[in-house]
Structure formats: C-alpha cells, structure tokens
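**Student:** Submitted below is the structure of interest, expressed as structure tokens.
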Amino acid sequence: MSTGSASRERTWVDVPAGSPFGLDNLPYGVVRTSAGHHVVTAIGDQVVDLSAASAFGVLPDPDGLLAGPSLNPLLAAGRPQWTQVRREIVGLLTDQARAASTQRCLLDARDVVHVLPWELGDYVDFYSCEQHATNLGRILRPNTEPLNSNWKQLPVGYHGRAGTVVVSGTHVVRPSGLRPSGDDGAEYGLTRRLDIEAEIGFVVGTPSPLGRRVPTSAFRAHVFGVVLVNDWSARDIQAFEYVPLGPFLGKSFATSVSPWIVPLEALEHARIAPPQQDPQPAGYLRSVEDWGLDITLQVRINGEIVSRPPFAGMYWTPDQQLAHMTANGAGLRTGDLFASGTVSGERQDQRGSLIELTWNGESPLRLADGTERAFLTDGDTVSITATTRGDLQPHIGFGEVAGTVVPAR
Ligand code: MN
C-alpha cells in the first residue's frame, strides 16, 4: 500500500519542521463547531474542517463520508473508499489553486474541542504483551509459572464496556467497588489502587457477517486505523472479582481514547517483524504480513514522563487478534475497538502500568515535585502519547490520550 506519490508533494499549509502531523499522517477526528460535529484532519498546527471543505465544494466527497457528525460513514465505506478519500485530502492540501478557498476551513489546533470521533461497536481488550503478562503473573501469583499455559496458544482477551469508552480530556471519577478486606472478606468503598494501562487500539471499519471468520490476511480490509488507549484499572476491585471470569467492574468505569484515529496507511513505515512465536500458533493465527509496529509510547503523570513502553515487542499482533476475535464466527461491526493490552518493555522505565512500575506499590515512584505515587491520587493527570517513523516527516504522532482523576461525588 502506498501513502501515495502525492505525499511527496508539498502542502501549502505551513507545517513546522518536526511536526508529528505532516502530509504523511492525516489522522481523522471530530470536533464540536457552531454548525455541529464536523470531521477534521490535522496538518501542522492546524486542523482542517473536512465537513466544511466538502460542503463548500472544495473537497470532493460525493458519498457524504465526511459530512459528520461521526466517522462511522467513512469507517463503513471500506478500504477502496478510505484510499480514495485520503487521496482527495492530500490533493486538497497540495493544490495551490485551492489554498485560498480552503483557508476558511482551517482552525487553530489549540482552539478546537474534540469529541469521541466514532460510535463504538463492541470493545475488546487483549493481553498480548509477554513482558506485561509475565510481570503481572509474578506480582499476582508468586511462586507459580508467570504465564498461564494458554498464553502462547492464543491471544488472551476480555470483552470490555463500549459505553464507557470516552475521549481524551474526559475526567475519570474515582470508582468504588468491593475490594479485599481482612483475610477472606471484602468491603465496598473507593478504590485505593487506581491504575493505568498504556495501550494501542485498533478501530474496525468494514463489518463481517455472523458465522464467517475473518482471516489474518483480511486485516487491511477491515481495520481502519489506530488510537491510543488508557485502560484505567482499579487493581483492588479487579483482584477480588476477576476469578474465574476475568476483569469486570475494576475496568468498566472508564476507558479513554485519543481524539485522532491515525489511518493504517500512515503506519506503513512503522511495520516490522514481530518477535518470533514459539510454539507456532494454530493455522488460523498465522500472519501473512508483518504487523508488528515500531511505535514508542510515552506515559506522563502530571506532565512528567514516567515510562516509554515499546510497542515493537508485542507478542501477538493486531492481525492475529482480529482473526482470533472472529475465529468462532462472531461478526465484526463498524466501530468495533480492540486494544492491544498493556505495553511493557524489559526495562523498569518501559512498564505501561503503575502496578508494574511500583511492583504492586512496594516501590513507589518519586515524582519531580518530591511526592510519591504507588497508585493514582485524586487530581493526577495521566497522559499517553506515542511516536513512530513517518514517510516525509521524521515522525508520525498520535496526539494524546489524557485524563484527570477526580474525587467521587
Ligand atoms: Mn488492558
């Protein structure tokens, strides 16, 4: 797949050197305007109102895929249309003749208010990082094999709550639940172990019919693009409830996503071979293309970087996750989101959750302001960003997924 020779052209928009939003990125978002929710893209420090450009007739959009109020019409349209729409946007931003008439569609990126850019279908979260799963195994089940015996046979996952997926900037109210108390008991109260999970999410565009599985080779045909995900987690609630059916209320109170969906086309230069899998997985899980992605995440607490998780080391890749999700004939819906699972590297400063960074609270982080964190405190703001190689620009950005913890009302 090519990002188009068009991306070799120059845009008439002033793009600062080193901007994560060059002509080779062009992520999609939705912002609130006086005329409703409009579809936008980012270029340099500007946001282009694509709904307005389409309405003004400067951007061809015969099927109304960019009309708003969400990205779902575009998501549902499928790969050939995604390629065509991207080509039209590159055309608009490189066509000097349309520069003047498009100026009124440009907004300062600092002024826009993002909303959740698509209507969620189902939400699935995987557990596909070997280092993370090993760390959690050591912390939660000491003196046993850290990885369960099924972990290298299939991508372990759980169904999350699509209705509580929120856009970056949405406050996260400290949740309550039953948490362990005394020897065997539990009591209801505010979580004392509020945590984060730094992840990457994949947004499904093209649906699939019930009863037909989707092979790994159909990844490009079904997956539209990528978001950053923070899978907020209440570790004490999770610890008490998770046996035997897995995460539930310890996770479902909120999951934050970045406001931009970076299209798959922008990530061609990020693709790498994933780690060797041993044992070889079942036939339906075998990849026909490399979908390891060399993306580095950055996790900040109150502005201070506390971790840089490397996505390149993920054991299970998104094409395998897609095939696994549908291996039983479960259909895909436009807007389904599946997330990677917490991303953690081998080094201490590459761990994508506080439970790992502080080893279950035993070794609190000391922040620059002198305070310590075992888990999150009310008022803390967590932000996750990420970068990877681009085609033209030195790197492609994903924006950020941020959220502030607020006290329960
Ligand atoms: Mn997770």
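The values are calculated or read from the model by the stated rules, or taken from the named source; none is laboratory data. Source: prediction; values computed, not measured. Here the Cβ is made from the backbone with ideal geometry for all residues, glycine too, and neighbour counts use every protein chain on show.
Residues checked against (1) free of Cβ contacts under 8 Å to residues at least 24 places away in the same chain; (2) under 20 Å from the mean Cα position of the chain (by Cα):
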residue	(1), (2)
Ser34	yes, no
His38	no, no
Thr41	no, yes
Asp45	no, no
Asp49	no, no
Gly57	yes, no
Leu74	no, yes
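**Student:** Among Val214, Val165, which is the only one that is in the same structural domain as Arg300 (by TED's automatic domain parsing), within 15 Å of the ligand (Cβ to nearest atom), of a type outside the set (Gly, Ala, Ser) and under 23 Å from Pro73 (Cα atoms)?
**Tutor:** Every option except Val165 fails the conditions.
**Student:** Do you know which of the residues in the stretch 255-287 that are among the small types (Gly, Ala, Ser) and under 23 Å from the mean Cα position of the chain (by Cα) is nearest to Lys152 (Cα to Cα)? Walk me through it before giving the result.
**Tutor:** The initial filter retains those residues of the stretch 255-287 that are among the small types (Gly, Ala, Ser), namely 256, 258, 266, 270, 273, 282-283, 287.
Applying the additional criterion that residues be under 23 Å from the mean Cα position of the chain (by Cα) yields 256, 258, 266, 270, 273, 287.
Working: Ser256: 28, Ser258: 30, Ala266: 30, Ala270: 24, Ala273: 17, Ser287: 15 Å.
Residue satisfying both the conditions and the ranking: Ser287.
**Student:** Looking at the structure I just gave you, is Ala17 surrounded by fewer than 23 Cβ atoms within 10 Å (Cβ to Cβ) and within 25 Å of Ile295 (Cβ to Cβ)? Quick ask: steps written out before the conclusion?
**Tutor:** Working: surrounded by fewer than 23 Cβ atoms within 10 Å (Cβ to Cβ): yes; within 25 Å of Ile295 (Cβ to Cβ): yes.
Answer is yes for this residue.
**Student:** From the list Ala221, Ala239, which one is touching a residue at least 40 places away in the same chain (Cβ under 8 Å), assigned to a helix (DSSP H, G or I) and over 26 Å from Gln348 (Cβ atoms)? Quick ask: steps written out before the conclusion?
**Tutor:** On the way: Ala239 fails: over 26 Å from Gln348 (Cβ atoms).
Testing whether each residue is touching a residue at least 40 places away in the same chain (Cβ under 8 Å), assigned to a helix (DSSP H, G or I) and over 26 Å from Gln348 (Cβ atoms) leaves just Ala221.
**Student:** Given the conditions (1) within 16 Å of the ligand (Cβ to nearest atom); (2) over 18 Å from the mean Cα position of the chain (by Cα); (3) in contact (Cβ under 8 Å) with a residue 60 or more places away in the chain, and given that Gly137 satisfies all but one, which numbered condition is not satisfied?
**Tutor:** (3)
**Student:** How do the strands (runs of 3 or more DSSP E) wholly within the stretch 92-131 filter down when requiring 1 or more residues that are within 16 Å of the ligand (Cβ to nearest atom): which remain? So that I can check it myself, show each step before the final result.
**Tutor:** Numbers: elements: 106-108, 113-115, 123-126.
Result: 123-126.
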